[in-house]
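Here the structure is laid out as structure tokens; the discussion comes afterwards.
The values are calculated or read from the model by the stated rules, or taken from the named source; none is laboratory data. Because the structure is predicted, anything quoted here is derived from the model rather than measured. Every residue, glycine among them, receives a Cβ derived from its backbone with ideal geometry; neighbour counts consider all protein chains shown. Side chains are part of the model used for accessible areas, which takes the heavy atoms of the whole protein and leaves out ligands, DNA and RNA. Shrake-Rupley method; radii C 1.70, N 1.55, O 1.52, S 1.80 Å.
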Amino acid sequence: MAKIKKKVKVIKIDLAKCNGCRACEVACSALHAKPKYSSNNPARSRIRLIRDPLKDVYLPVYAGEYTKAECTGRDKYVIDGKEYNECDFCRASCPSRDLFKEPDSGLPLKCDMCEDDPPQEKPLCVQWCLNDALTYEEREEEVEEEVKPEDVEIGVESMVDKYGLQKVMDTVARMTKKE
Ligand code: SF4
Ligand code: SF4
């Protein structure tokens, strides 16, 4: 299968630089407000800050996929002497917590990398993180080209144009015939 280049967008999080200012939450929720910038409720943000100021824990987390089942295990992580729960790092909108749920409807929220209309040149949370705890990177990866159903249709159409419907049908029948 043919390989194509795909642009991968990455937001790098440097915990040591995050001071818990929550500007990222404000910016994201304002961008996604309807109408845009009409309100700034962090509960509607697609990035949330796990914070415990007494323990100097500030952990920005991006909203990922919705999951209807919660995990059964609970692990703890200790990094640089600071303790985190497994759920702290989790990006899922899941039944066991209120994080990443639209407060009025309860619908799951997911970070769209600010690709909404019009797309931002750089994610807004990154632009507003004045401490550079969030930095934006783009890289290219080689992936296998996805065959879209419409491409298959166009391919079949052009074969029919070239060889005629009967010949294409006979060939497909021969290929799919059981031995
Ligand atoms: S804007 Fe930056 S420093 Fe402030 S809470 Fe968000 S990630 Fe942390
Ligand atoms: S990248 Fe955009 S959508 Fe995602 S959390 Fe940041 S501001 Fe929100």
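What percentage of the solvent-accessible surface of the chain, computed with a 1.4 Å probe over protein heavy atoms, is contributed by carbon and sulfur atoms?
53
Given a 1.4 Å probe, how much area per residue of the chain is accessible, in Å²? Could the numbers behind the result be given before it?
Working: 12850 Å² over 179 residues.
Here the per-residue accessible area is 72 Å².
Where both partners of a DSSP beta bridge lie in the chain, what percent of those bridges are antiparallel, to the nearest 5? Walk me through the intermediate numbers first.
Values: 22 of 23 bridges.
Expressed as a percentage, antiparallel bridges in the chain total about 95.
Per DSSP helix of 4 or more residues, -39500 (n - 2.57); summed, then divided by the residues of the chain. What does that give at 222 nm, rounded to the nearest 500?
On the way: 5 runs with 45 residues, N = 179.
Calculated at 222 nm, the ellipticity per residue is -7000 deg cm²/dmol.
Which of the peptides 43-54, 85-96 is most tightly packed, and how do the rest follow, judged by the mean count of other Cβ atoms within 10 Å per residue?
On the way: 43-54: 17.8, 85-96: 15.9.
Highest to lowest by the protection proxy: 43-54, 85-96.
What is the local net charge at Cys111, summed over the other residues whose Cβ is closer than 15 Å to its Cβ (Lys, Arg +1; Asp, Glu -1)? Numbers along the way, then the final one.
Details: positive: Lys9, Lys12, Arg44, Arg46, Arg48, Arg91, Lys101, Lys110, Lys122; negative: Glu25, Glu65, Glu102, Asp112, Glu115, Asp116.
My count for the surroundings of Cys111 gives +3.
For Gln127 and Ile79, what does the FRET efficiency come to when R0 = 25 Å and r is the distance between their Cβ atoms, rounded to the nearest 0.05?
Numbers: r = 27 Å, r/R0 = 1.08.
Efficiency, from the Cβ-Cβ distance: 0.40.
Among Lys17, Lys101, Lys82, which one shows the biggest mean-square fluctuation in a GNM of the chain, springs joining Cα atoms closer than 10 Å?
Lys82
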